[in-house]
Amino acid sequence: QVRLVESGGGSVQPGGSLGLSCAASGLNFRLFPMEWFRQAPGKSRELVASISSGHSTNFSDAVKGRFTVSRDNVRRTMSLQMNNLKPEETAVYYCSVETSAGRWWGQGTLVTVSS
């Protein structure tokens, strides 16, 4: 059973920074691309960033240049560093992975951007 656990959410002022982490278990972590999604209140879930097994990264246009994503295949963790956060980025952030058994999600961590 794949298990994903996010941590690091919280409240931050506009323009501030926050780092999220995702700990994975139950899979051969180093083989799988990993992704960060977010879901703002009243909106659908959207892909924010992804990182391949070879550490190649991709970002949505909305966060490009402000967010970075990394992974540690030994510790089986993935991180998301978010800079210059905007109020509209208030959302629950999820890490996710797709395996042959389906797509797996963490429980999510809330990020609130507000003054």
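The values are calculated or read from the model by the stated rules, or taken from the named source; none is laboratory data. As the structure is a prediction and not an experimental result, all values here were calculated from the model. Every residue, glycine as well, gets a Cβ built from its backbone with ideal geometry; the counts of neighbours run over all protein chains shown. We work out accessible area using only protein heavy atoms, side chains counted, and drop any ligands, DNA or RNA first. Shrake-Rupley method; radii C 1.70, N 1.55, O 1.52, S 1.80 Å.
For the range 97-108, taking the residues that are open to solvent by 20 Å² or more (accessible area, probe 1.4 Å) and either in contact with a helix residue (DSSP H, G or I) (Cβ under 8 Å, 6 or more places away or on another chain) or part of a strand (DSSP E or B) (or both), the one that is nearest to P87 (Cα to Cα) is identified as W105.
Cβ-Cβ distances below 7 Å connect the following pairs, each with a first residue in the range 39-53 that is touching a residue at least 12 places away in the same chain (Cβ under 8 Å) and part of a loop (DSSP other than H, G, I, E, B), a second residue that is small (G, A, S) and surrounded by 14 or more Cβ atoms within 10 Å (Cβ to Cβ), and a separation of six or more residues or different chains: A40/A91. Among residues of the range 19-36 that are without any contact (Cβ under 8 Å) to a residue 40 or more places away in the chain and surrounded by fewer than 18 Cβ atoms within 10 Å (Cβ to Cβ), those with a Cβ under 8 angstrom from a residue that is assigned to a loop (DSSP other than H, G, I, E, B) and not hydroxyl-bearing (S, T, Y), sequence gap 6+ or separate chain, pair up as G26/Q1; G26/V2. Which of the residues that make up the range 69-113 are free of Cβ contacts under 8 Å to residues at least 60 places away in the same chain, under 19 Å from S11 (Cα atoms) and among the hydroxyl-bearing types (S, T, Y)? Correct list: T90 only. Inspection of the range 17-32 identifies at least one residue that is over 20 Å from R103 (Cα atoms) and over 10 Å from the mean Cα position of the chain (by Cα). Among the residues of the range 74-91, is there at least one that is of a type outside the set (S, T, Y), within 12 Å of the chain's Cα centre (by Cα) and open to solvent by 60 Å² or more (accessible area, probe 1.4 Å)? The answer is yes; a qualifying residue exists.
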